[in-house]
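> Here it is, the structure, as C-alpha cells.
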Amino acid sequence: MTTNTFKVTIHMVSSLDGIIAKKDNSISWFETSDYYEKGIGITEQDTEEFLKKIDCYIMGAHTYEHALELSKLYGWAYGDVPTIVVTHRNLPIERQNIEIYSGDLNKLVNEQLKQKYKNVWLVGGAMLAKKFILLKLADEIRLSVMPIILGDGTLFFDHIGHEQALHLKDVTAYKSGMVELCYEIRK
C-alpha cells in the first residue's frame, strides 16, 4: 500500500470569537498575559525544529501585504521557505523565494505543489482558506485560539455555505493560554 505523504494544512490564529484579523491589522492581541499552569511551554528551539518541517507556504494577497509590513519591524516570518502568494494583483516581490500565482488552485496543488513538497501550510487569509476547503484541497486545519474576544474584524469562517465534517486529531494547551486544535478534514 502506497501512502501519500503530501499534506496541505490551513493554519490560522484566532480569537475565541473566530476573528483572525482586526480591522486595523494590529497583532498586539497575539501577545497574552494569561497563564495556564497545566499548559506546555514552547522554547525557541521547539519552534525552529517545528518550522523546519514546513516545505512551502501559501497565502493570499492581504496576508502577504501584511507580512511585508510586519517584516519591516520583525523580519520576514517565513524565512527562506518557498512562499506562494495567490492573487490576480501585481504585487512587489521582495525575496527570491516568493512566487505570485493567479491560476487554477487545483492545478497549483496537484500539478505544482505535490511534485515538489510534502508539508504545505496555507497561512492566510480567510477567503483563500475557504476556497481550499470547498475545493477539497486542504487536508487539515490547525487553529490556534488565543484567550481573547475581539468582537469585530475578519472572521475565519465567514459564510462558508458548506457543511464540512472534521476529525479531531490533537489538542494542545499552552502556558500562554492559547489552545491549538488540529482537525483532519474529512473528504
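The values are calculated or read from the model by the stated rules, or taken from the named source; none is laboratory data. As the structure is a computational prediction, the values presented were derived from the model and not from experiment. For neighbour counting, all protein chains shown are included, and Cβ atoms are generated from backbone atoms with ideal geometry for every residue, glycine included. SASA here: full protein model, heavy atoms, side chains in, ligands and nucleic acids out. Shrake-Rupley method; radii C 1.70, N 1.55, O 1.52, S 1.80 Å.
> Give the separation of the Cα centroids, region 106-141 to region 25-61, in Å.
20 Å
> Rounded to the nearest 5, what is the percent of antiparallel bridges among the DSSP beta bridges in the chain?
On the way: 15 of 37 bridges.
Percentage antiparallel, nearest 5: 40.
> On a 27 Å Cα-Cα criterion, which of the cross-link pairs Lys72/Lys169; Lys22/Lys116; Lys72/Lys107; Lys53/Lys187; Lys130/Lys169 come out too long? Could you put the intermediate results ahead of the total?
Details: Lys72/Lys169 36 Å; Lys22/Lys116 34 Å; Lys72/Lys107 33 Å; Lys53/Lys187 24 Å; Lys130/Lys169 20 Å.
Going by Cα-Cα distance, Lys72/Lys169; Lys22/Lys116; Lys72/Lys107 fall outside the 27 Å limit.
> Could you pull the accessible area for Thr43 with a 1.4 Å probe, rounded to 10 Å²?
Roughly 70 Å² of Thr43 is accessible to a 1.4 Å probe.
> Would you work out the relative contact order for the chain, in percent, from Cα pairs under 8 angstrom that are 6 or more residues apart?
39 percent
> If DNA, RNA and ligands are ignored and the probe is 1.4 Å, what is the ranking of Met178, Met146 by accessible area, most exposed first?
Met178, Met146
> Here's a follow-up. Carbon and sulfur atoms: what percent of the 1.4 Å accessible area of the chain do they account for?
51 percent
> Per residue of region 93-102, what does 6.51 cos²θ - 1.76 cosθ + 1.60 with θ = phi - 60° give for ³J(HN,Hα)? Whole Hz please, x for Gly and Pro, Karplus curve as stated.
10, 9, 9, 5, 8, 9, 10, 8, 10, 10
> Moving on. With point charges of +1 on the Cβ of Lys and Arg and -1 on the Cβ of Asp and Glu, referenced to the Cα centre of the chain, which listed residue (Trp121, Thr32, Met146) lies farthest in the positive direction of the dipole?
Result: Trp121.
> What does a probe at Phe50 reach in region 161-182, counting residues whose amide N is under 20 Å from the point 7 Å along Cα→Cβ?
Only 167-182 pass the distance filter.
> Another question about this same structure. Is the C-alpha gyration tensor of region 43-182 telling us rounded, prolate or oblate? Criteria: a/c under 1.5 is rounded; beyond that, a/b larger than b/c is prolate, otherwise oblate.
Rounded, since a/c falls under 1.5.
> Something else about it: Counting only helical runs of four or more DSSP H residues, what would the 222 nm mean residue ellipticity of the chain come to if each run contributes -39,500 (n - 2.57) and the total is spread over all its residues? Show your work: numbers first, answer last.
Working: 3 runs with 31 residues, N = 187.
Here the helix-only value at 222 nm equals -5000 deg cm²/dmol.
> How far apart, in nm, are two points set 7 Å out from the Cα along the Cα-to-Cβ line at Thr172 and at Gln96?
The answer from the label model is 3.2 nm.
> Can you compute the FRET efficiency between Lys22 and Gln115 using 1/(1 + (r/R0)^6), with r the Cβ-Cβ distance and R0 = 45 Å? Round to the nearest 0.05. Walk me through the intermediate numbers first.
Values: r = 37 Å, r/R0 = 0.83.
With R0 = 45 Å, the Cβ-Cβ based efficiency is 0.75.
> Still on this structure, please answer the following. Got a sec? What order do Val8, Val13, Val171 fall in by accessible area at 1.4 Å, biggest, i.e. largest, first?
Result, largest first: Val171, Val13, Val8.
> How much length is gained if the chain between Gln164 and Asp34 is pulled fully straight, taking 0.36 nm per residue apart and subtracting their Cα-Cα distance, in nm to one decimal?
Computed gain between Gln164 and Asp34 is 43.6 nm.
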